[in-house]
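Single-structure report; data block below.
Coordinate-derived values only; no laboratory data. None of these values were measured; they are calculated from a predicted model. Neighbour counts are summed over all protein chains in view; Cβ atoms, including those assigned to glycine, are modelled from backbone coordinates with ideal geometry.
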2 protein chains.
Amino acid sequence: VTPVAPGGTLGIVGGGQLGRMIALAAARYGLKTHVYCPDPDSPAFEVAGRHTRRGYDDEAALIAFADTADVVTYEFENVPRRTAEILAARKPLRPGVLALATTQDRFEEKRFVAGLGIATAPFRAVGGEADLEQALGEIGRPAVLKTRRFGYDGKGQVMIRPETSAADAWRTLRGASCILEGFVPFEAEVSVVAARTAAGEFAAFDLCANTHSHHILDATRVPAGVSAQAEREAVAIAALIAEALDYVGVLAVEMFLVRKEGAEHVVVNEIAPRVHNSGHWTIEGADTSQFEQHVRAVCGWPLGSPQRLGRIEMRNLIGHDADAWREILARPGDHLHLYGKAEARPGRKMGHVTRVFPEA
Amino acid sequence: VTPVAPGGTLGIVGGGQLGRMIALAAARYGLKTHVYCPDPDSPAFEVAGRHTRRGYDDEAALIAFADTADVVTYEFENVPRRTAEILAARKPLRPGVLALATTQDRFEEKRFVAGLGIATAPFRAVGGEADLEQALGEIGRPAVLKTRRFGYDGKGQVMIRPETSAADAWRTLRGASCILEGFVPFEAEVSVVAARTAAGEFAAFDLCANTHSHHILDATRVPAGVSAQAEREAVAIAALIAEALDYVGVLAVEMFLVRKEGAEHVVVNEIAPRVHNSGHWTIEGADTSQFEQHVRAVCGWPLGSPQRLGRIEMRNLIGHDADAWREILARPGDHLHLYGKAEARPGRKMGHVTRVFPEA
């Protein structure tokens with residue numbers, strides 16, 4: 001495949017902050033960008049040379065969009081499969097349809113990961129209340145019932161504790177196809193953000209330790225403070241997944257850190273076929289940012305160095321956290337990023353702040 | 001003056017690479033941007049939420065542009081004075097009309113600098129051939145005859161050597177109002193890139209050592225390798241100039257490093273009332289980039305830390321230099337920036353490459 005030359009156009013499906021930061025990285029390399037998103041208030045529209053505001057089911061608009069681009073990527077995993085297929089038929093879609101199809105269904109994703117011999121929580125597909133009772137019998141409680149599709153930031157999931165009624169849990173998710181996952185008693189949540197090229201070149205950023213609040217990422221610390229052995233295991237797993245998906249671009253693999261027979265190991269929780277919130281620190285904290293790395297991979301360019309530049313603390317600005325912009329700007333070393341969203345709704349990711357400390 | 005809040009709009013006059021990089025920095029802080037430039041191929045248009053392609057003499061368009069912005073800045077010093085006045089009458093124009101008026105005429109600029117008691121080359125205004133003969137008699141040869149206005153990258157200037165005919169030199173510049181400047185035998189060319197806020201806060205980046213090729217900046221090295229005393233002198237001069245201009249934003253002061261009685265001193269050559277090519281290294285090489293710093297200053301925000309992060313080498317990609325993008329991308333540690341210009345004309349600034357080395 002011929003690399004995209006600077007001056008070419010990167011098509012981006014999805015107009016949120018991830019699309020915005022991909023577009024900013026593309027601009028730095030002299031690329032043009034075209035963002036496709038139905039939402040009129042898309043933050044990415046503001047920094048892209050072109051945008052199309054049409055539905056993901058608008059075949060003519062999708063084709064016209066693809067025709068302007070040299071390569072097409074996306075910033076969220078819920079791009080409908082049909083949308084992806086229409087785009088992929090016209091232009092290279094990176095990552096590809098397989099990565100999307102595998103990761104946008106939690107059951108398919110878990111089956112795929114387990115099929116690679118990688119540890120996951122125990123899981124069962126659940127299509128109805130009877131299935132759920134049976135699965136609970138096999139997996140035990142506590143367990144987590146999740147919709148197979150369209151879940152993010154804790155949406156579409158319910159914890160089933162010893163006292164929870166299975167029928168209530170089932171009704172909460174309104175009869176959607178579900179997956180029941182055994183609860184993993186973890187010591188920490190970590191993620192690998194890594195890139196792979198079409199030629200099979202692979203580069204991972206250092207392992208991220210993540211803390212969540214109300215299921216939304218709150219803070220990322222790097223180094224993650226885990227054993228070198230566990231970090232190697234985590235990166236090897238991400239590489240295996242990327243390889244098996246014939247993945248092109250940046251992906252993130254979220255994992256639980258668990259202790260087995262005294263040693264730290266990781267259990268895969270979720271794959272995000274895109275740049276990831278836990279990789280935002282790479283903008284200031286690594287030689288190449290995850291956004292630059294993604295652009296390099298999808299354009300068919302060599303990957304940049306993922307070398308970390310110091311000890312990292314990244315925290316998200318959720319909702320009205322962003323009102324403190326003035327104080328943050330005044331703190332030396334605080335790198336403020338705001339996404340240009342008009343309304344600071346509760347739970348909404350408005351920006352983030354990164355600090356890079358010299359390493360002891 | 002009330003600070004501009006994130007979500008506000010920064011108006012940028014001029015659509016070249018400097019405007020583009022200002023717009024990218026503004027986006028990172030959640031600001032919207034509106035770029036005004038008559039050139040349809042303006043690189044900054046591609047990354048701005050809005051752009052207006054009209055002449056600098058189009059009063060109605062200028063007013064409509066100013067009305068969309070919370071604050072207006074510019075990326076080049078040849079904004080016509082009348083344009084600046086129209087904008088400044090509607091919205092805060094930062095830096096202001098005084099900075100523009102002083103720096104867009106080489107004679108006014110030199111007179112202003114000398115009036116502050118700062119060393120410059122000897123200079124005389126030249127309005128005709130007779131003036132030139134007289135000025136040459138006073139200043140001696142070699143000397144440099146420059147148009148007072150619209151000079152950049154060596155355009156509009158001619159060296160007068162012992163054998164040069166004054167009449168020929170005069171004719172070369174086609175009768176424009178000129179300034180004759182004594183030639184300064186310098187040891188190095190250096191620049192101070194610094195920011196000042198409306199409240200008088202001042203912060204300078206470390207002194208830059210610049211080399212030129214055919215009058216165009218070729219490379220910048222930091223640290224500049226000059227004595228601490230000379231660097232302090234250079235920064236103090238930039239602070240004095242910024243203060244005297246009641247300057248708001250980033251400015252650059254280009255200087256010659258000379259040796260007098262065994263010690264290094266600086267002689268001011270030129271003031272640029274804007275972000276500057278010799279400050280591009282700050283994107284990766286400083287805690288805050290010159291573009292972020294400029295946005296902070298013009299928005300009425302506190303300045304960021306100008307702390308340098310390593311030893312710096314920045315080199316420009318001029319004309320077909322940028323054709324080597326693939327090799328540059330493959331070199332670990334080379335940070336490639338391309339400006340999205342379609343045509344690689346000789347002498348045209350297409351991009352730059354920065355390397356940051358750990359300091360010994």
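Quick look at the numbers
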read-out	value
Average beta-carbon neighbours from other chains, 10 Å sphere, peptide B:290-296	1
Structure-based [θ]222 nm, chain B - -39500 (n - 2.57) summed over DSSP H runs of at least 4, per residue, nearest 500	-8000 deg cm²/dmol
Rounded to the nearest 20 debye, dipole of segment A:240-360 from Cβ charges on Lys, Arg, Asp, Glu	300
Euclidean distance of C-alpha centroids, segment A:74-114 and segment B:168-193, integer Å	61
Distance histogram in 10 Å bins (all Cα pairs of chain A, percent per bin)	5, 24, 33, 26, 10, 1
Rg and Dmax [Cα atoms of segment A:212-291; Å; Rg one decimal, Dmax integer]	13.3, 38
Amide H contacts under 5 Å for A:Ala119, placed H, 5+ residues apart	A:Val268
Volume in Å³ per residue [convex hull over Cα atoms, computed for segment A:49-200]	155
Number of partner chain Cβ atoms within 10 Å, mean per residue of A:342-353	1
Size descriptor, Kirkwood hydrodynamic radius, that averages inverse alpha-carbon separations across segment A:164-224, Å	15.1
Segment B:244-322, Cα convex hull volume normalised per residue, Å³	155
Largest-first ellipsoid semi-axes for the protein assembly as shown, taking √(5λ) over the Cα gyration tensor eigenvalues, angstrom	54, 25, 23
Length gained when the stretch B:Ala199-B:Arg50 is fully extended (0.36 nm per residue, less Cα-Cα span)	50.7 nm
Alpha-carbon Debye profile of segment A:178-333, log10 I(q)/I(0) at 0.16 Å⁻¹	-0.91
Shortest-first distances to equivalent copies, position B:Gly127, nm, label 7 Å out along Cβ	9.5
Under 5 Å, built H, 5+ apart or other chain: amide partners of A:Val35	A:Ile12, A:Arg50, A:His51, A:Thr52
Debye intensity ratio I(q)/I(0), log10, segment A:67-152, q values 0.22 Å⁻¹ (C-alpha model)	-1.06
Percentage relative contact order, segment B:74-153, counting C-alpha pairs under 8 Å, at least six apart	26
For segment B:270-281, Karplus couplings with θ = phi - 60° (6.51, -1.76, 1.60), whole Hz, Gly/Pro x	7, 10, 10, x, 5, 4, 9, 3, 6, x, 4, 4
Leading residue at positive end of dipole, chain A (Cβ point charges), from A:His280, A:Ser213, A:Leu245	A:His280
Exam field: B:Pro358 pseudo-label spacings to other copies (7 Å along Cα-Cβ), nanometres	1.3
Cross-link partners of B:Lys146 among lysines (Cα-Cα below 23 Å; sequence separation of 8 or more within a chain)	B:Lys110, B:Lys155, B:Lys349
Residue of A:Phe65, A:Phe76, A:Phe150 that the Gaussian network model of chain A assigns the largest fluctuation, springs spanning Cα pairs under 10 Å	A:Phe150
Rounded to whole Hz, the Karplus (6.51, -1.76, 1.60) HN-Hα couplings of segment A:312-317, x for glycine and proline	10, 10, 10, 10, 7, 9
Relative packing of peptides B:99-110, B:155-166, A:270-281 - highest average C-beta neighbours within 10 Å first	A:270-281, B:99-110, B:155-166
Placed amide H near A:Ala198: partners under 5 Å, 5+ positions off or other chain	none
Nearest-first distances (nm) between copies at B:Ala330, label 7 Å from Cα via Cβ	5.1
Helix runs (DSSP H) in chain A reaching 20 Å along axis by Cα, Kyte-Doolittle at least 0.5	A:228-244
